[in-house]
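Report on the structure given below.
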Amino acid sequence: MTTQEILTTLQKDIHSTVFATLDGNGLPQTCVIDLMLCDEEGLYFLTARGKAFYTRLMEHPFVALSGMKGGDTLTTVAVSVRGAVRNIGKGRLEEIFAQNPYMEKIYPTRQSREVLEVFQIYKGVGEYFDLSQLPPYRQGFSFGGEAVQESGYRIREDKCIGCQGCRHVCPVGCISNTVPRRIDPAHCIHCGNCLRTCPVGAVYKVGD
């Protein structure tokens, strides 16, 4: 999937997401926030100036968010994003209300909307994770000039002895049957069994 397709899935199909921000004591706080718009320049949401969420955004303009859709675990698609935010004031507020008409029931008058301000996640990195297919599918992405961040486990080709240990303990079968072994990062679920099992230290972890 392209980054834009993933962001569109997050904004339109998932829509309601859990945001994490830092409070004045440097402690994480979460709240559920709807994503109102997305385009090639990022994601957009809004909040009221009187809310603690607004204060946290202004003091620490960085967020982490996750959203998911599906009837149960094995039909779930989840998307996570970490990125920098900026306040764009009333910019795109009218467009947000036009594309999300339910907002008129919450803020029915123009006067009641005076407290609202729009924020843009203008750069970030993220992960798309699809459990509706087996083995699960994983894809990193980025936008706003950020680099895609690798994660999971890899095998050093010069150290692999082809012993099959990692293949025997991999729950999703994402390790090649050729030597040197290779891990398919699109299907790795980051369990770490391969790292624990490798007798020669050929497996290593990348990313967070």
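For the chain, the list of Cys residues with no other Cys C-beta under 4.7 Å reads C31, C38, C160, C163, C170, C174, C188, C191, C198.
Largest accessible area first, the listed residues L74, L65, L195 line up as L74, L195, L65 when surface is computed with a 1.4 Å probe on the assembled protein chains. Taken about its Cα centre, segment 1-61 carries a charge dipole of about 320 debye when Lys and Arg each add +1 at the Cβ and Asp and Glu each add -1 at the Cβ.
Where the alpha-carbon atoms of segment 106-208 are placed on the principal axes, they occupy 70, 28, 19 Å, in descending order.
The helix-only estimate of mean residue ellipticity at 222 nm for the chain, built from DSSP H runs of length n ≥ 4 each weighted as -39500 (n - 2.57), is -3500 deg cm²/dmol after division by the residue total. Set the Cα radius of gyration of segment 56-134 against 2.2 N^0.38 Å, with N its number of residues, and you get 1.40. Which one, G162, Y107, T3, projects farthest toward the positive side of the charge dipole computed for the chain from Cβ point charges (K/R +1, D/E -1)? The Cα lying farthest towards the positive end belongs to G162. Distance distribution note for the chain: the fraction of Cα pairs above 30 angstrom is 35%.
Entry comment: accessible area of the chain is 52 Å² per residue, from protein heavy atoms only and a probe of 1.4 Å. With both labels modelled 7 Å from their Cα along Cα-to-Cβ, the T109 to D39 distance reads 3.1 nm. Here r is the Cβ-Cβ distance between N100 and T30 and R0 is 30 Å; the resulting FRET efficiency, rounded to 0.05, is 0.90. In percent, rounded to a whole number, the relative contact order of the chain is 16, using alpha-carbon pairs under 8 Å and six or more apart.
Evaluated over the Cα positions of segment 8-89, the convex hull gives a direction-averaged projected area, one quarter of its surface, of 5.8 nm².
Taking Cα centre as origin and charging only the Cβ of basic (Lys, Arg, +1) and acidic (Asp, Glu, -1) residues, the dipole magnitude of the chain rounds to 520 debye.
The values are calculated or read from the model by the stated rules, or taken from the named source; none is laboratory data. Small disclaimer: the values here were computed from a predicted structure and weren't measured. In this analysis, Cβ positions are derived from the backbone assuming ideal geometry, glycine residues included, and neighbour counts consider all displayed protein chains. Just the protein is used for accessible areas: all its heavy atoms, side chains included, with ligands, DNA and RNA removed. Shrake-Rupley method; radii C 1.70, N 1.55, O 1.52, S 1.80 Å.
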